[in-house]
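Notes follow the structure.
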Amino acid sequence: VQLQACGGGLVQSGDSLRLSCAASGRAFSSLGMGWFRQAPGKEREFVAAIAWSGGNTGYADSVKGRFTISRDNAKNTVFLRMNSLKPEDTAVYFCAATPKFGVYRDSARYEYWGQGTKVTVSS
C-alpha cells in the first residue's frame, strides 16, 4: 500500500485546512485509516482514525470537536478537516493504514505510512 498525503501549509491561528491522503496498491475499502502527527522534539501522537466503512471514528482529546476525519472509498482517499487551528497543532501530519478492522489509536497497529505533510499554525 502506498500512501500520499497532501494539503499542509502555513496558516494563522483560527484558520482551517483539509489534509488528504490517497491510497493505492490495495482495496481501500478494506483498510482502516488513521492520522498521526509529530511536532518538533516530540513523539508521534494519534490524531484521528476511521474504520473501513467510515461508520466508526476516533479522535484525540486535543482535537475532538475541531477536527473531522472522513473517507471517500470511491476515490481511495481519507481526509482530515482541521478547523480552529491552534499553534500547538503545528506538526508533520502522517496518514497510516491498517488491514485490521476497527479504530486504532496505537501507531503499532498500522502497517503502512505516508510521507507526511507539514502544518504550521502561526499565532
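The values are calculated or read from the model by the stated rules, or taken from the named source; none is laboratory data. Here the structure is a predicted model, which means the values were calculated and not measured. Neighbour counts run over all protein chains shown; Cβ positions are idealised from the backbone, glycine included. Only protein heavy atoms, including side chains, enter the accessible area calculation; ligands, DNA and RNA are left aside. Shrake-Rupley method; radii C 1.70, N 1.55, O 1.52, S 1.80 Å.
Taking region 57-97 only, how many residues are assigned to a strand (DSSP E or B) and either at positive phi or open to solvent by less than 20 Å² (accessible area, probe 1.4 Å) (or both)?
Count: 12.
Which residue, of ARG37, ARG26, ARG18, is open to solvent by 20 Å² or more (accessible area, probe 1.4 Å), touching a residue at least 60 places away in the same chain (Cβ under 8 Å) and under 12 Å from the mean Cα position of the chain (by Cα)?
Going through ARG37, ARG26, ARG18 in turn, just one is open to solvent by 20 Å² or more (accessible area, probe 1.4 Å), touching a residue at least 60 places away in the same chain (Cβ under 8 Å) and under 12 Å from the mean Cα position of the chain (by Cα): ARG18.
For region 45-55, how many residues are open to solvent by 10 Å² or more (accessible area, probe 1.4 Å), touching a Gly at 6+ places or on another chain (Cβ under 9 Å) and at pLDDT 95 or above?
Residues that pass the stated criteria total 1.
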